[in-house]
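Report on the structure given below.
The values are calculated or read from the model by the stated rules, or taken from the named source; none is laboratory data. Note that the structure is predicted; figures quoted are calculated from it, not measured. Cβ sites come from the backbone with ideal geometry, for glycine too, and all protein chains shown count toward neighbours.
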Amino acid sequence: MKKVPPGTNGGVSSLGLGASLAGGLLIGVTAATSVLIQLALESSFSWQSGKGVDTFLSKLNPGFFMALIVAGSGAGFFGSLLDSILGATVQKSNYSTKKKMITYKAPEQGDEVKTISGLDILDNHQVNFFSSLIISLATGYLSMKALW
């Protein structure tokens, strides 16, 4: 690990990883809350017969809700790491000596641009797409294996 200029593809910070974990946690809590609301609405149709509360409580599984929250948190955290790994390896980062910053544009006249990391295989949009696709499929697969 080494310190890199701000904006370098694949750069990782503790603040960024913490934000990814918090974002994933928020998604997991939102998913668990949505399922809880759905169960409550489904059970409300049975309340007329007096079985609604029993039906609702019988469907509550704390382990399932915790799994949703953990899956969301893990997807956020590991998705961020995967995005950084792909960005550092298959996305080119150039440093402009004139502007003293990372640049993604063609060099201007009189500007020396050095490649500091990555291969020129994918652009930022493609890295984001593939990291999202891979982590989504992996999270779905692992969740199915864990819950069913």
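Some observations on this one:
- Pairs are defined by a Cβ separation below 7 Å, a sequence spacing of at least 6 or placement on different chains, a first member in the stretch 51-67 that is within 21 Å of Gly24 (Cα to Cα), and a second member that is modelled with pLDDT under 85 and small (Gly, Ala, Ser); the pairs so defined are Ala67/Ala146.
- Qualifying residue in the stretch 64-86 (condition: over 27 Å from the mean Cα position of the chain (by Cα) and either in a loop (DSSP other than H, G, I, E, B) or closer than 18 Å to Thr139 by Cα (or both)): no
- Summed over the stretch 104-118, the residues that are surrounded by 11 or more Cβ atoms within 10 Å (Cβ to Cβ), modelled with pLDDT of 80 or more and of a type outside the set (Gly, Ala, Ser) give a count of 4.
- The stretch 89-103 - residue that is closer than 19 Å to Val12 by Cα and without any contact (Cβ under 8 Å) to a residue 60 or more places away in the chain and, of those, surrounded by the fewest Cβ atoms within 10 Å (Cβ to Cβ): Thr103
- Restricting attention to the stretch 2-44, the residues that are of a type in the set (S, T, N, Q), part of a helix (DSSP H, G or I), touching a Phe, Trp or Tyr at 6+ places or on another chain (Cβ under 9 Å) and closer than 23 Å to Asp83 by Cα add up to 1.
- Selection of the stretch 129-144 for residues being farther than 13 Å from Leu81 by Cα, hydroxyl-bearing (Ser, Thr, Tyr) and surrounded by 12 or more Cβ atoms within 10 Å (Cβ to Cβ) yields Ser136, Thr139, Ser143.
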